[in-house]
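Take a look at the structure below.
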Amino acid sequence: MAEANLNNSKLKAQKVLKQYFGYDSFRPQQAEIIETVLKGRDALVLMPTGGGKSVCFQVPALVKEGIALVVSPLIALMKDQVEGLKANGVPAAFLNSSQNDNEQLRVFEAMRTRELKLLYISPEKLLTQQFLSFLQSLQISLIAIDEAHCISAWGHDFRPEYTQLMQLKRLFPQVPVIALTATADKLTRRDIEQQLLLHKPRRFIASFDRPNLSLHVIQGRKRLDSILRFIELRPQTSGIIYCLSRKGTESLASSLQEKGIPAAFYHAGLSANARSRVQQDFINDKVPIICATIAFGMGIDKSNVRWVIHYNMPKNIEGYYQEIGRAGRDSLPSDTLMFYNFGDVIKLRSFAQESGQPELQLAKLDRMQQYAEAKICRRRVLLAYFGEDLGRDCGNCDVCKNPPKYVDGTIIAQKALSAIYRMQEEVPIGTVIDVLRASGKKEILEKGYDKIKTYGAGVEIPFNDWQSYLMQMLNAGLIDIAYDEGNALKLTAASKEVLFNKRDVQLYQPQKAKTPVEAASKPRSRRMELIEGLFEQLRELRKNLAARAGIPPYLVFSDATLQEMSAERPTTELAMRDISGVGDAKLRQYGHIFIEEIISYILEERAKGANIKGSTQLLTFEMLRQGESLQDIARKRGLSAASLYTHLVYLFEQGYPIDLYRYINEEEAHAVEQAIYQSSSDNLTDLYELLEGQIQYDKIRLGVAIWNGKQREMKKS
Ligand code: ADP
Ligand code: ZN
């Protein structure tokens, strides 16, 4: 493509982004990826969930002639994406096995008549001979392969149909192919490129960091209390609580319900119907909280999940990262919390042992446990696992926020090791602690453990702190654990060095049992309260509009867009258009409804005494709309005529639909205009003198405003 042409399409891409999606600028990499596709080159895009992959093919699809094909394996997501596009005024459709013949025929027809800019399609539909030859009669702008890692048998979501996609490059050698995924190690990446026959693809590998997700790990005790407090601090927000077992999801959901918290449960044991109902209720903001096994989440694109809790430690970091990644797709701050205790580790170890690949699974579990125990920035640990170096501490994890404090642990360690030694290395953690704390339990007395020297040597340390210390010693190799001998603790070579005073031990102070993850909000200012109050109202409005349109609320506007509206309070079309996420179609369809809601909110708050900039003029606007005259308004509010005229000018200039000609006639306006030209000034006193007092000050003010308005119009065109 010639240089001039490319520049032209770059401009067009920028325009499309605002016009259809309502965004002002591309995110890092998006612009380059789009440029690559517009140049006709192939691309491989690795970006984390929520990174903004869709824009990378949706924008070029709108810039280029013809129709874009988007191959996607997940039927539910297809529907969601197409609905999202339609809400933005983009002609798009999908084809998959969920549709009946009639629905499919309608899509074929729309393709034939070249109405569609994007077609989402499942690989099996795409790869029929008939459909492929139909495609050859059309102009294809680009081919996007979403969830491209499905092509690789190395990956975790292998889909055999995907391997047939290599036919595409053979049939359409000139059409650029863009492969996108959120998970792909080096092997999978190479597989994607080779199997899709990508031609000299440009590779875009974004950081996997999700800085908007806070990371918290706390000890797994009194979990229900912690969860209740966590939820109480985040009223009305959507979240997922992952549990290890099906039964766990059910009992947690009912405990929450007992406390009046609307929660549902989800696991693979439910009927397909029940599962889809729970999922829909969650997507549509009808049920905010789902207690689920990891079966939940695939195929959910809900952008306003505000938090994810792991009731139990997950079995590996890949899964953990994917699950917490379901929070905060809209890039707004979101919280993640994981409970961690030793019982879970034991349970997960036995699962791993029974799995087909015990060594691999155990190694992965170890890495997970290291993360849970990390004493350095958790995000660094997480990203290091994926081969990335953050280069600094994140400041948004519990370790960064509460750096661990070290204590001299030599005596503590010696007491524990001595107890283990004196019980012949035959007892598990719990018994060691009971002995150190002189619990007096029956089993202990029966075995005569109350006779050993270290019985009661650690009464001053609480049970949970002992547990933490022993876990630390375990991680530091100072003790070992025999999983095949009832989890008995064993001494190691290092333990002996400690016991014989040849080695010092550093331990860190266990966390205090305080409330986990206070909500981000600081003491709320009046300003914040105003913003949050409006946000609540707009969210309610969004929910109602979505229900009427039969789409999920986040497809009407994202949380991010509603937040910006709440902070900026746009009350004119002009101001509404400036909000990120408000494109042409949504402005047309929803703009006025939201503007009305914002106006009435401002006026209500004003009536309650809030001091909101522009609200006095807004009240004038509202009273005029209700048909009151300037005189009435002046009298009722004790305002001078002059100030109401300045309100009129203000409203007019801000772009409110105000007809100034109701207050000044054409001849008068014309006379003011002439006077401006004559005196080359818009100073009111000058004009008044020039007009020899024929026209009052207030009207001159309106005349000047009309003249200024015309100048602005002229500049624009
Ligand atoms: P992914 O497919 O990578 O998970 P999405 O394409 O769903 O991510 O994008 C995540 C969110 O970010 C969506 O709400 C999307 O509308 C928003 N988004 C994407 N690009 C931009 C941008 N340039 N400016 C603002 N928001 C954007
Ligand atoms: Zn950190």
* Computed label-point distance, nm, for sites residue 588 and residue 509 using a 7 Å Cα→Cβ extension -> 6.3 nm
* Asked: When ranked by the protection proxy of mean other Cβ atoms within 10 Å per residue, highest first, what sequence do the peptides 396-406, 338-348 form?
  -> 338-348, 396-406
* Values of log10 I(q)/I(0), in the order q = 0.09, 0.10, 0.16 Å⁻¹, for the stretch 526-716 under a Debye, Cα-only, solvent-free model -> -0.43, -0.52, -1.03
* Asked: Tell me, what HN-Hα J-couplings in whole Hz come from the Karplus equation 6.51 cos²θ - 1.76 cosθ + 1.60 at θ = phi - 60° for each residue of the stretch 119-127, using x for Gly and Pro?
  -> 10, 8, 8, 7, x, 5, 5, 5, 8
* Structure fact -> Taking the stretch 406-508, the equivalent ellipsoid from its C-alpha gyration tensor has semi-axes in Å, biggest first, of 20, 15, 12
* Lysine pair number, Cα distance threshold 28 Å (strictly under), the stretch 34-187, separation 8 or more or different chains -> 27
* To do: Taking H placed 1.01 Å from N in the peptide plane, check which residues at least 5 places from residue 220 or on another chain put their amide H under 5 Å from its amide H.
  => 340, 341
* Asked: Tell me, what is the 1.4 Å probe accessible area of residue 109, in Å² to the nearest 10?
  -> 90 Å²
* Reachable lysines, given that their alpha-carbon falls under 27 Å from the alpha-carbon of residue 699 and they are not under 8 places away in the same chain -> 613, 636, 710, 715, 716
* **Value of [θ]222 nm, deg cm²/dmol, for the chain, DSSP H segments ≥ 4, -39500 (n - 2.57) each, nearest 500** => -14500 deg cm²/dmol
* **Cα gyration tensor of the chain - equivalent ellipsoid semi-axes, whole Å, descending** => 59, 37, 22
* To do: On the protein heavy atoms, probe 1.4 angstrom, tell me the percent of accessible surface of the stretch 383-448 carried by carbon and sulfur.
  => 48 percent
* With both partners inside the chain, how many of the DSSP beta bridges are antiparallel, as a percent to the nearest 5? => 10 percent
* Asked: Under 5 Å between amide H atoms, partner at least 5 residues away or on a different chain: which partners does residue 70 have, H built in plane at 1.01 Å?
  -> 119, 120, 121, 144
* Asked: Counting alpha carbon pairs within less than 8 Å and at least 6 residues apart, what relative contact order, in whole percent, applies to the chain?
  -> 11 percent
* **Accessible area in square angstrom per residue, the stretch 340-417, 1.4 angstrom probe** => 50 Å²
* Structure fact -> The answer for the stretch 2-205, accessible area per residue at 1.4 Å probe in Å², is 45 Å²
* Asked: Using θ = phi - 60° and the Karplus curve 6.51 cos²θ - 1.76 cosθ + 1.60, what whole-Hz ³J(HN,Hα) does each residue of the stretch 489-499 get, with Gly and Pro shown as x?
  -> 7, 10, 7, 10, 4, 5, 4, 5, 4, 5, 4
* Taking 0.36 nm per residue of separation and subtracting the Cα-Cα distance, what length does fully extending residue 659 through residue 611 add? -> 14.6 nm
* All Cα pairs of the stretch 111-215, percent lying beyond 21 Å -> 40 percent
* Structure fact -> Ranked output for segments 89-98, 254-263 by mean other Cβ atoms within 10 Å, highest leading, reads 89-98, 254-263
* To do: List the residues whose amide H sits under 5 Å from the amide H of residue 202, counting only those 5 or more places along or on another chain, with H placed 1.01 Å from N in the peptide plane.
  => 42, 43, 44
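The values are calculated or read from the model by the stated rules, or taken from the named source; none is laboratory data. It should be emphasised that the depicted structure is a prediction, and the values quoted were computed from it without experimental measurement. Backbone-built Cβ (ideal geometry, glycine too); neighbour counts: all protein chains shown. These accessible areas exclude ligands, DNA and RNA; they are computed on the full protein's heavy atoms, side chains included. Shrake-Rupley method; radii C 1.70, N 1.55, O 1.52, S 1.80 Å.
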